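Just so you know, all these numbers are worked out from the coordinates, no wet-lab data involved. Everything quoted here is computed from the prediction, not taken from an experiment. Note that each Cβ is placed from the backbone with ideal geometry, even for glycine, and that neighbours are counted across all protein chains shown.
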Amino acid sequence: AEADSDTERALQWHLANLEFACAASLESVSAAEWDQDDAFDYDGDHVLLPDGGYQALLMKMAKGLDVRLNTTVAGIEVRCDGSGIRAVCVESNEVHVADALVLTVPLGVLQTPPEAGGILFTPPLPPRKLDSISRLGFGLLNKVALWFDVPFWAHAIAAASPTA
């Protein structure tokens, strides 16, 4: 049976919304794992972080720690003798030594070889991690929220979509 135009529009909206939520085309989304985060989805006001948002939460968690932000790292060396982890910084050529390191970089940086500006890991990351990093993909995800004092659209429309 052929779907009517409203059903087809609804289907296309849901497919577009799924691509939006996954930040990828549906051809590259796993049919078995596309909804893996749904179990961790929280509904309600308790997900909002008032009084400074995420930054205030992170600052409280990092109290007493030496946190370096906006620091470009050229290399990470894990010392086998137990003397810690060394991070070599690009601009300052400083070497920071620590017992632990949390490195947050875009996936593209991890996928870039050290000779092209990526991070040199010593010892090298295990092959299984390198393989996983090379197979991961990423896309562009933009969100825009607009507020209008007075609606200029028909009140029967519940949501805006490219197929509406």
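Go through 55-66, 120-131 and give me the packing order, highest mean Cβ count within 10 Å leading.
120-131, 55-66
Please work out the FRET efficiency for the pair Glu94 and Ser132, using the Cβ-Cβ distance as r and a Förster radius of 30 Å; give the result to the nearest 0.05.
That gives a FRET efficiency of 0.50.
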